[in-house]
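In what follows, a single structure is set out as C-alpha cells and then discussed.
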Amino acid sequence: MAGIKEFEFAGWQSAAASYDGFADATRLFVDPLLEAAKVGRGVRLLDVACGPGVAAARAAAAGARVTGVDFSPAMIDIARQRHPDVEFQTADAEQLPFPDACHDAVTANFGIHHVERPERAIAEARRVLKPGGTFAFTFWARRQDNTAWRIIFDAVAAHGRRDVPMPAGNDAHATPENFSRLVVDAGFDAATLRKELVERNWELPRDADLVSIFETGTVRMATLLRGQGARALAAIRRHAAEAMRDYARGPTIALPTRAWLIAAERGTGRAQQSS
C-alpha cells in the first residue's frame, strides 16, 4: 500500500478537475483565515497547499503580494488558469523552496492535516516567515461535529463498510490541542497563539448529491465511498439525501460546518528542531 504522501498526491491529482463542489465548503473559511494572518495591501503572503488558488486569489484582490504553492501539479495548473495574475508554483509544504524569513505571512486553508509530517510543514512555515510574521491555518472539526461528514459516516455505518483499505492519516491527530502544541514546539510565540472554532453554513442546492461532492472532491472520504460497491453506495446516497432534508432552508440546504483556526506569530527566539 502507498504511503501517506503518495496516497494524498495521487488523490489530489485525481480530484483537482472535480474539486469545485467541495471547494465551496473550504472557501467559507478563507476570510477569517486571511484576517487572522493579518493579510492586507503590501503583505508578502505564502499560501501553502493552495489548491486551485481560492485563498491566494482573495488575498491578491486585497492587495497582498501572493505566492501560492501546492504539491499537486494538477491543482497548480488549475490555479494558474483561473488566476493568471497570481504567482503559483509546485512545492512540498514539508520542504519549501524559499529562503529564510522572506514572507510576512503564511496561510494554509485545510492543508496541514493532509501532509505526512505536520510538524515539518509547521516548522517550514516558521522558517520562511519574517520575525513578527503570522502563520494561520485551518482544519476540519471532528466529523461528529460537522454536519456533512456526520451524514456521510452515518450512511456508511447503516449501509456499507468502514474498513476500506487506505494508509493511516493524520485526521485522528488533527485536534486543536495537538496542532497548538506543534506550533509552539516549532518555535512560534506561545503568547500570540490563537485557536478558534469557526462555524459557517455550507449552502447547497436542494437536489445536491452530497455523496458525489465527497466522492469527486476529496481523497480519504472519496476512497471510503469508492470502496463500498455499487449497491451499498446507492443506499448510502439515498440515506444521505434523506438526511439532508432536515437542513432545508427554502431553495437551499444549509449544513452547519465547523473548522478550527489556529494562528501564531514568529518570535525572535531560536526554533526547536523538528524531526
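Every number in this text was worked out from the coordinates using simple rules, so none of it is lab data. The shown structure was predicted, so the numbers you read here are calculated from the model rather than taken from an experiment. Because the Cβ atoms are built from the backbone with ideal geometry, glycine has one as well, and the counts that use them run over all protein chains shown.
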Notebook entry, point to check: By how many nm would the segment from ALA101 to ALA234 grow when fully extended, if each residue of separation counts as 0.36 nm and the alpha-carbon distance is taken off?
Noted result: 42.8 nm
Margin query: For a quick check: sort THR134, THR268 by the number of other beta carbons within 10 angstrom, fewest at the front.
Written below: THR268, THR134
Checklist line | Structure-derived log10 I(q)/I(0) by the Debye sum over Cα atoms at q = 0.07, 0.11, 0.17 Å⁻¹: which label, when the choices are (1) -0.25, -0.61, -1.38; (2) -0.33, -0.70, -1.33; (3) -0.46, -0.84, -1.22 | finding: (1)
Item checked: Residues of type lysines that LYS130 reaches as a straight line, Cα spacing below 24 Å, ignoring anything fewer than 8 places off in the same chain -> LYS38, LYS195
Notebook entry, point to check: Taking the chain as a Gaussian network, Cα atoms linked when under 10 Å apart, which of LEU96, LEU33, LEU129 shows the biggest mean-square fluctuation?
Noted result: LEU96
Checklist line | Considering only the chain, percent of DSSP beta bridges that pair antiparallel, nearest 5 | finding: 55
Checklist line | Loop-exposed trypsin sites (Lys or Arg not before Pro) per DSSP, neighbour cap 10 Cβ within 10 angstrom, longest uninterrupted part of the chain | finding: 42-161
